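The values are calculated or read from the model by the stated rules, or taken from the named source; none is laboratory data. Note that the structure is a prediction, hence the values are computed from the model and not measured. Note that each Cβ is placed from the backbone with ideal geometry, even for glycine, and that neighbours are counted across all protein chains shown.
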Amino acid sequence: MRMIFVNLPVTDLDRAKAFYEALGFTNNPQFTDENAAAMVIEENIVVMLLTRRRFADFVPGRVGDPAEATAVLNAISAGSREEVDALLATALAAGGKPWMPAQDHGFMYGTSFTDPDGNVWETLWMDPSVPQ
């Protein structure tokens, strides 16, 4: 089984953990300390929240600031349009910010937000009855 680790630089680890817990992600304390937190989306998908100093240990050069420039778009699927809207509402209530306007293509619907540090997340529903 492959796993996906999304590594994000954060300025306030406790605030970031609280934000992702509000979205329903679960903290794995085995891989969490004062510099990092492993937030489990599903068994094989983990968001690693890293203080900017710890994040810098993994990259050459300067660590970009997601509040100033978008470097990556993280996307997560949802089971319905309602779940898309609910996740956006939860993110905003937990300290996130709206990013782009909702996009409705009939068979596909999505919204987007940033976490408190400016990392972008898109939530998207696709109608499973529409053939590929």
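Here the stretch 112-132 is the region considered, the condition is being over 11 Å from residue 99 (Cα atoms) and of a type in the set (D, E, K, R), and the residue that is surrounded by the most Cβ atoms within 10 Å (Cβ to Cβ) is 117. Against the list (1) surrounded by 14 or more Cβ atoms within 10 Å (Cβ to Cβ); (2) of a type outside the set (D, E, K, R); (3) modelled with pLDDT under 95, the condition residue 106 fails is (1).
Of the residues making up the stretch 50-61, one or more are in contact (Cβ under 8 Å) with a residue 40 or more places away in the chain, closer than 16 Å to residue 115 by Cβ and within 15 Å of the chain's Cα centre (by Cα). Could you list all residues from the stretch 1-37 that are hydrophobic (A, V, I, L, M, F, W, C), within 17 Å of residue 121 (Cα to Cα) and either in contact with a helix residue (DSSP H, G or I) (Cβ under 7 Å, 6 or more places away or on another chain) or not in a loop (DSSP other than H, G, I, E, B) (or both)? Passing the criteria: 4, 5, 6, 8, 10, 16, 18, 19, 22, 23.
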